[in-house]
Amino acid sequence: MDKLSHIEGSIVAIPVNDIDTDQIIPARFLKVTDKAGLGKAAFCDWRYLEDGETPNPKFILNNAAYQEASVLVAGDNFGCGSSREHAPWALMGAGFKAVISTDFADIFRNNALKNGLLPIIVDRDTQQQLFSLAEEDPSTSVRVDVEAQTLTLPDGRAVDFPLDGFSKYCLLNGVDQLGYLLALDEETQRFEARNPQRVVTTA
């Protein structure tokens with residue numbers, strides 16, 4: 001997992017509430033265990049016409065003006081539905097480093113953080129402001145400071161967002177949960193040496 005301390009990039013908005021994981025990455029793509037190429041399948045049923053290959057000209061991610069966007073601004077309750085780690089894989093494969101919404105489904109949020117995709121929770125006024133800015137100017141960009149837990153808008157206003165300490169540590173240091181545990185191997189061995197295994201007997 002790459003280190004993530006700052007994000008500065010343009011935004012693209014999908015102002016739709018309750019975007020579930022099956023819309024982010026349809027179930028037919030869950031057979032793969034490799035992240036490579038999943039970015040092309042992100043929002044597949046919206047992104048392509050019925051033949052599954054021809055880009056839908058009405059879908060925002062097919063608009064050339066938003067091709068370089070690295071921050072997705074979405075409607076409420078993003079990532080609801082079934083649990084699938086493929087959802088953050090697909091979004092990251094599509095070039096996104098962060099998703100902004102008023103709230104996220106817990107399972108999606110946890111999966112995103114474990115994979116290095118930052119879910120940013122903002123208030124509704126900020127969400128609506130970003131929707132408007134993205135529509136008015138495709139070059140609209142924002143800055144994210146993971147350490148400070150702030151999202152800075154084009155007008156200079158900084159908005160705080162919640163992030164638990166463990167997830168922040170993992171993002172800043174580029175380690176997942178397994179990497180974090182492996183880094184504690186020597187300390188674990190010292191602990192075990194100080195505390196030899198005891199046999200517990202029951203009467």
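The values are calculated or read from the model by the stated rules, or taken from the named source; none is laboratory data. Here the structure is a predicted model, which means the values were calculated and not measured. Reconstructed Cβ throughout: ideal geometry from the backbone, glycine too, with neighbour counts over all protein chains shown. Just the protein is used for accessible areas: all its heavy atoms, side chains included, with ligands, DNA and RNA removed. Shrake-Rupley method; radii C 1.70, N 1.55, O 1.52, S 1.80 Å.
For the chain, modelled as a Gaussian network with Cα springs under 10 Å, which listed residue fluctuates most, Arg28, Arg124, Arg143? For the chain, modelled as a Gaussian network with Cα springs under 10 Å, the answer is Arg28. In this calculation the C-beta distance from Lys58 to Asn173 is compared with R0 = 35 Å, giving a FRET efficiency of 0.25. Note on the chain: with neighbouring protein chains present and a 1.4 Å probe, carbon and sulfur make up 49 percent of its accessible heavy-atom surface.
Between Asn115 and His6, how high is the FRET efficiency from 1/(1 + (r/R0)^6) when r is the Cβ-Cβ distance and R₀ = 25 Å? Nearest 0.05.
Working: r = 18 Å, r/R0 = 0.73.
The pair Asn115/His6 has a calculated efficiency of 0.85.
Taking 21 Å as the straight-line reach from the Cα of Lys58, the lysines in range (excluding those fewer than 8 positions away in the same chain) are Lys40. Of all the options Leu72, Leu117, Leu49, the one that moves most in a Gaussian network model of the chain with Cα springs shorter than 10 angstrom is Leu49. The alpha carbons of region 1-86 stretch over 36, 30, 26 Å along the principal axes, in descending order.
If you wrap a convex hull around the C-alpha atoms of the chain and split its volume per residue, what is the figure in Å³?
Per-residue hull volume (Cα only) is 165 Å³.
Normalised by 2.2 N^0.38 Å, with N the number of residues, the alpha-carbon radius of gyration of region 27-145 equals 1.06.
Averaged over its residues, the chain has an accessible area of 57 Å² per residue, based on protein heavy atoms and a 1.4 Å probe. Note on Asp22 and Arg143: their simple-model spin labels are 4.2 nm apart, each label 7 Å out from Cα toward Cβ.
Going 7 Å from the Cα of Phe191 along its beta-carbon direction, which residues of region 142-175 have the amide nitrogen within less than 20 Å of the resulting point? Inside the label zone: 165-170, 175.
Within the shell of other residues whose beta carbon sits under 15 angstrom from the beta carbon of Thr150, the net charge comes to -3, with Lys and Arg scored +1 and Asp and Glu -1. DSSP finds beta bridges in the chain, and of those with both partners inside it, around 50 percent are antiparallel.
Counting Lys and Arg as +1 and Asp and Glu as -1 over every other residue whose Cβ lies under 14 Å from the Cβ of Cys80, the net charge comes to -4.
Only bridges whose two residues both fall in region 83-188 count here: according to DSSP, what percent of them are antiparallel, nearest 5? Don't skip to the answer; put the middle values down first.
Numbers: 6 of 10 bridges.
Bridges in region 83-188 that DSSP calls antiparallel: roughly 60 percent.
A Cβ-based charge dipole, computed about the Cα centre of the chain with Lys and Arg at +1 and Asp and Glu at -1, lands at about 620 debye. Taking springs between alpha-carbon atoms closer than 10 angstrom, which of Asp125, Asp22, Asp145 fluctuates most in the Gaussian network model of the chain? Of Asp125, Asp22, Asp145, the most mobile in the Gaussian network model is Asp125.
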